[in-house]
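Worksheet for the structure shown next.
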Amino acid sequence: MTSTSVEEKKRGRKAGSGEMYTWHEGMDWNPVEKVILERRSVRKYRDEQVPEKLVRRVLEAGRFAPSAGNSQPWRFVVVRDRDMLDEMEKYVRLRCRVLKFMLDWESSPLGRLSWLLAQAYIRLMPNKLHPIPFGAIRLIADGKLKLFHGAPTVIFILEDVRGVSKPQVDIGICGQNMVLAAHSLGLGTCWVGFVELFKFGTKWKKKLGIGWPYRLIEAIALGYPVGRPDGMVARELHEIDWWEGGRKRTVF
Amino acid sequence: MFYLAIKEILTIPTYNDPGTCRAGRVVIDHERCNGCGDCALICPGACLYVAGVGKDRKAYMIDKAVPDCMSCNDCAAICKRGAIRAEHGYDFGGFYKALHRAEMVPPRNF
């Protein structure tokens, strides 16, 4: 090994080394950045249960997430029961079929009425009936998209509505901690927002413990992925306003 | 400051009209594609399918005016041969108009 390469290695400049806790321009991705950038949502899981200890370790990452006023407004419910998960999938599919029947003006037998209903509901809930979840409702109803994508373990995150300031944001931070930790440990994960529909089922509310002060926000599907779905991809650049020296610049 | 005109705020796009909506779109390099079907398996919008036999087995995007593609690029990540990628992000226009965006680029190490 030449002296320059030793020097390079010491300063973390060796290609692919990506040392932690330091930065210089144009350096390689460090392991944490690599996990963040290469994580993709996994939507096809192997039929192999995740070891209990591994799930416990992932939950541990969530427990140490930062939260407003250290309020820790979360509660985890882990479901690893295949029958229960299948039943949940069936429940959500049925709800989606009802929604599709009511709102999908392309296929609904209600015709014009469903178009009017959809227009009204979209205006009432523009986020929940955004074109993307609207399409997902159709796909779940048709059986083309599975709720948990066949994951053997699902972590439900409940929000304590009495949390400090913005508990929903804390839930997101907590979940991201767990998702990144899971990926670094070789697991695949996917956020599932459609679990919100469980709030309409008395049985699920009881089973998952949804009731004041807890509200079900999101779920994370966990399992070993089929193939190698991780990798860096292209994403849109976002315009950033940059104020410095009394002037505004626009950077991307 | 309004980034959307009042008219745009009031118009919710009709989700199946290509005149107002631009869904995501993937481009498939059929020279490189070997029809393994991984992309079709994981596509969350069920937008991809594999057709043909033998050497002609290739992935295709479904022929729909507004497909459910959300340019997530999961297909690009799972493709071993780098044959598929999302061309542009989605923009549903009107109330959902995408703001302050530019073209899609991979992560940059500054």
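Values in this text are rule-based calculations from the coordinates and carry no lab data. Remember, it's a predicted structure, so these values are computed and weren't measured experimentally. Ideal geometry is used to build each Cβ from the backbone, glycine not excepted, and the neighbour counts take in all protein chains shown.
Filtering segment A:35-78 to residues that are among the small types (Gly, Ala, Ser) and assigned to a loop (DSSP other than H, G, I, E, B) leaves A:Ser41, A:Ala65, A:Ser67, A:Ser71. Condition (residue is within 23 Å of the chain's Cα centre (by Cα) and small (Gly, Ala, Ser)) applied to segment A:71-80: is it met by at least one residue? Checking segment A:71-80: at least one residue is within 23 Å of the chain's Cα centre (by Cα) and small (Gly, Ala, Ser). All of (1) free of Cβ contacts under 8 Å to residues at least 40 places away in the same chain; (2) assigned to a strand (DSSP E or B) hold for A:Val154 with one exception: (1). All of (1) more than 20 Å from A:Gly172 (Cβ to Cβ); (2) surrounded by 13 or more Cβ atoms within 10 Å (Cβ to Cβ) hold for A:Phe76 with one exception: (1).
For B:Gly45, the criteria (1) more than 10 Å from every other protein chain (Cβ to nearest Cβ); (2) in contact (Cβ under 8 Å) with a residue 12 or more places away in the chain; (3) under 28 Å from A:Ala141 (Cα atoms) hold in every case but one, which is (1). The number of residues in segment B:48-93 that are closer than 14 Å to B:Ala23 by Cβ, of a type in the set (Asp, Glu) and more than 8 Å from chain A (Cβ to nearest Cβ) comes to 3.
Does segment B:73-110 hold any residues that are among the hydrophobic types (A, V, I, L, M, F, W, C), within 30 Å of B:Lys7 (Cβ to Cβ) and in a loop (DSSP other than H, G, I, E, B), and which are they?
So in segment B:73-110, the residues among the hydrophobic types (A, V, I, L, M, F, W, C) come out as B:75-79, B:83-84, B:86, B:92, B:95, B:98-99, B:102, B:104-105, B:110.
From the residues that got through so far, the ones that are within 30 Å of B:Lys7 (Cβ to Cβ) too are B:86, B:92, B:95, B:98-99, B:102, B:104.
Correct list: B:Phe92, B:Ala98, B:Leu99.
Taking segment B:6-17 as the search range and keeping residues that are closer than 11 Å to B:Lys97 by Cα and assigned to a loop (DSSP other than H, G, I, E, B), which one is nearest to the other protein chains (Cβ to nearest Cβ)? Before you say what the answer is, go through the steps one by one.
To start, the set of residues in segment B:6-17 that are closer than 11 Å to B:Lys97 by Cα comprises B:8-9, B:11-13.
If we keep only those that are assigned to a loop (DSSP other than H, G, I, E, B) too, we end up with B:11-13.
Working: B:Thr11: 11, B:Ile12: 5, B:Pro13: 7 Å.
Among those that are closer than 11 Å to B:Lys97 by Cα and assigned to a loop (DSSP other than H, G, I, E, B), it is B:Ile12.
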